[in-house]
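Participant: Have a look at this one before I ask anything.
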Amino acid sequence: MSILIKNGLLVHPDRIEAGEILIDGEFIVKIAPEISRQDLGALEWGELEIIDAGGGWVFPGFIDAHTHYGLGEGSDATADDFFTGSRAAAWGGITTFIDFSDQVPERTLLQGALLRINQASDSILDYSLHQGIYRYHPRISSELDELISAGIRTLKIFTTYDEFGVKLDSCTWDALFSICRQKKILLCVHGEDDDVIRGVEISLGADLPDPSLHSVLRPAEAEAAAFLKVGKAAFKADIPLYLVHISSRAGLEAVEKLRKQGLTVGTETAPHYLFLTNEKLGNKDGALYLMTPPLRCEEDRTGILNALVQGQIDVVATDHCSYRPERKLSESDCRNIPAGVPGSEEMSGLIYSGCVSPGKIDIIRMENLFCSSPAKIFGLYPLKGSLLPGSHGDIAIFSAGIKGSYDSRKLHSASGYTIYEGFPRTGAASVTILRGKVLVRNEVFLGEPGYGRFIPSGVSSLYDDNNTGGR
Ligand code: URP
Ligand code: ZN
Ligand code: ZN
């Protein structure tokens, strides 16, 4: 099938262009102010599917660079698996997501990753994987060679969650980071210092930490302390860092300090830190708003928003990790509430409504945050995140004229709720196309389970000399 997109404004990393896009099979083959019959070569005009963008923004398909679909088992499994999670994301204009493969003791990294890829076999969307590293061992270097050959080139470590057995012992950081340097592997960090958290826990004594205390238990200082500690080791190893889900001003200050010292730091935040505060945690249904790092105070929220506006943040990704409300509300101790919230489908509308529409950022910056920056940082560019001949025919048409409010009954996460219920909304993804296949159009879902494909990652742009992150 071939597709001709007309009457749209093409959003590139550095400019907007009135133009048309021809997709033949899975790839963009031509971009021009106007594409006529003569331009089609062997293609038949009558066989073209013509999509009128209605004057809307034509983006490369959005990338959600941080998701947890199909996580956990039994009563602790996420509500969304790869099928429902990617279907919800497609409704929001996302065409590629990056999920995680866990390191498990009885398998090599490659064996674990292949199982995860198999688990994702009913994905609607294309995807890549970050590899979690929770235990260092001498064979890890050769296991990472296998992983790179299979197309996984980002690692993720935790400085917290010792109780779940995923915190990487800091004694092993130097060894792992020097392997990252040799092999040009990007290191992603969930930064919250467990010692700081443990100290608060002890000071709370026997008090039951209900959801309202979650942001007290896991303070912004824990985020900053972890960033500075990992940053010091990264500097020594001469590797860049990518800091996931930054939530606080203290965390941002730590980033600025590291950048001033000369460290290359890629930065990510999530929509919930831009639009919600820990006030939500004090309500009866506070558990529904619980994720780690937690929602923070108004000053932190505006601090993160300002950092986004001023260009300190490279990527917005959702950390979509959805649980059913009954499960979240069944625990009163915030340490036992499964952490995470849904968000993939809401992401593009939130950033447009909350940042582009009020003039805080322009549409090009929205492209950078969702398309070219994550694609470059995660080694997917220019196959993904780009409107160029030779790139995948991945498109999100975004229509600014669609207005309304967020309503969980109209959203598609299997969790059945949204933390943005009732939020006014300006703009929505109206058409989503992945590799030349229309997934959503005219409010009809046309995607198919299994159409999504694993996309191997190359070297991160954060390893480039003189790089400016994904920017
Ligand atoms: O609460 C969250 N963010 N759950 C997902 C796991 C993680 O830490 O990113
Ligand atoms: Zn995390
Ligand atoms: Zn996460």
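Participant: What size of dipole, in debye to the nearest 20, comes out for region 171-278 about its Cα centre when the only charges are +1 on Lys and Arg C-beta atoms and -1 on Asp and Glu C-beta atoms?
Facilitator: 680
Participant: Right, another one. Hey, what number do you get for the chain at 222 nm if only DSSP H runs of n ≥ 4 count, each worth -39500 (n - 2.57), divided across all residues, to the nearest 500?
Facilitator: Mean residue ellipticity, 222 nm, calculated: -7500 deg cm²/dmol.
Participant: Turning to a different aspect of this structure: I want the local charge near residue 170. Using Cβ-Cβ distances under 12 Å, sum +1 for each Lys or Arg and -1 for each Asp or Glu among the other residues.
Facilitator: For residues surrounding residue 170, the net value is -3.
Participant: Only four residue types carry charge here, +1 at the Cβ of Lys and Arg and -1 at the Cβ of Asp and Glu. Report the dipole size of region 315-471 about the Cα centre in Debye, rounded to the nearest 20.
Facilitator: About 220 debye.
Participant: Sticking with this structure for a sec: Spelling out what I want: for every residue of region 354-366, take phi, set θ = phi - 60°, compute 6.51 cos²θ - 1.76 cosθ + 1.60 (Karplus), and round to whole Hz; glycine and proline get x.
Facilitator: x, 10, 7, 4, x, x, 6, 10, 9, 5, 5, 5, 4
Participant: Figure the gain on full extension for residue 208 and residue 360 (residue separation times 0.36 nm, minus the Cα-Cα span) and round it to one decimal in nm.
Facilitator: Working: separation 152, 0.36 × 152 = 54.72 nm, distance 4.05 nm.
Fully extending the segment from residue 208 to residue 360 adds 50.7 nm.
Participant: Quick one: which residues, 5 or more positions from residue 453 or on another chain, have an amide H under 5 Å from its amide H? H modelled 1.01 Å from N in the peptide plane, none for Pro or chain starts.
Facilitator: Residues meeting the criterion, in which the H sits 1.01 Å from N, are 126, 127.
Participant: Tell me, what is the Rg over Rh of the chain, with Rh the Kirkwood radius over Cα pairs?
Facilitator: On the way: Rg = 21.4 Å, Rh = 22.4 Å.
My calculation puts Rg/Rh at 0.96.
Participant: Let me ask you something else. Quick one: of the DSSP bridges fully inside the chain, what percent are antiparallel, nearest 5?
Facilitator: That works out to approximately 45 percent antiparallel.
Participant: How much length, in nm to one decimal, is gained on full extension between residue 76 and residue 388, taken as 0.36 nm per residue of separation minus their Cα-Cα distance?
Facilitator: 108.1 nm
Participant: Put a dot 7 Å past each Cα toward the Cβ at residue 171 and residue 260; how far apart are the dots in nm?
Facilitator: The answer from the label model is 3.4 nm.
Participant: At q = 0.09, 0.13, 0.17 Å⁻¹, what log₁₀ I(q)/I(0) does region 53-211 have when each alpha carbon counts as one equal point scatterer in the Debye sum?
Facilitator: -0.38, -0.74, -1.08
Participant: What's the longest piece of the chain with no exposed GluC sites (Glu not before Pro), counting a site as exposed if DSSP puts it in a loop and it has at most 12 other beta carbons within 10 Å? Write down the numbers at each step before the final one.
Facilitator: Working: sites that count: 34, 44, 73, 106, 443.
Result for the longest clean stretch: 107-442.
Participant: Next up: Near the amide H of residue 285, under 5 Å away, which other amide H atoms are found, from residues 5 or more places off or on another chain, if H is placed in the peptide plane?
Facilitator: Sorted by chain and number, the residues that satisfy this come to none at all.
Participant: Moving on to the next point. Quote the charge dipole size of the chain about the Cα centre in Debye, to the nearest 20; the model charges only the Cβ of Lys and Arg (+1) and of Asp and Glu (-1).
Facilitator: Values: 45 positive and 62 negative charges, 132 e Å.
Value, rounded to 20: 640 debye.
Participant: Then there is this: May I ask you to list the trypsin sites (Lys or Arg not before Pro) in region 1-99 that are in a DSSP loop and have at most 10 other Cβ atoms within 10 Å of their Cβ?
Facilitator: Passing both the DSSP loop test and the Cβ count: 15.
Participant: Using a 7 Å offset from the Cα along the Cα-to-Cβ direction at both residue 285 and residue 410, what is the distance between the two label points in nm, to one decimal?
Facilitator: 1.8
Participant: Using the structure shown, select from 232/260; 257/384; 6/360; 167/229; 236/384; 156/376 the pairs with a Cα to Cα distance greater than 21 angstrom. If you can, show how the numbers build up before the last one.
Facilitator: Values: 232/260 12 Å; 257/384 32 Å; 6/360 28 Å; 167/229 14 Å; 236/384 32 Å; 156/376 17 Å.
Violating the 21 Å Cα-Cα cut-off are 257/384; 6/360; 236/384.
Participant: Using 0.36 nm times the number of residues separating residue 121 and residue 17, minus their current alpha carbon distance, what extension gain do you get?
Facilitator: Full extension from residue 121 to residue 17 adds 33.8 nm.
Participant: Then there's this: Among 215, 188, 200, flag the residue with its Cα farthest along the positive direction of the charge dipole of region 181-223, charges on Cβ as +1 for Lys/Arg and -1 for Asp/Glu.
Facilitator: Farthest towards the positive pole: 188.
Values quoted throughout were computed directly from the atomic coordinates according to the rules given, and no laboratory measurement underlies them. Just so you know, these numbers come straight off a predicted model, no measurement behind them. Because the Cβ atoms are built from the backbone with ideal geometry, glycine has one as well, and the counts that use them run over all protein chains shown.
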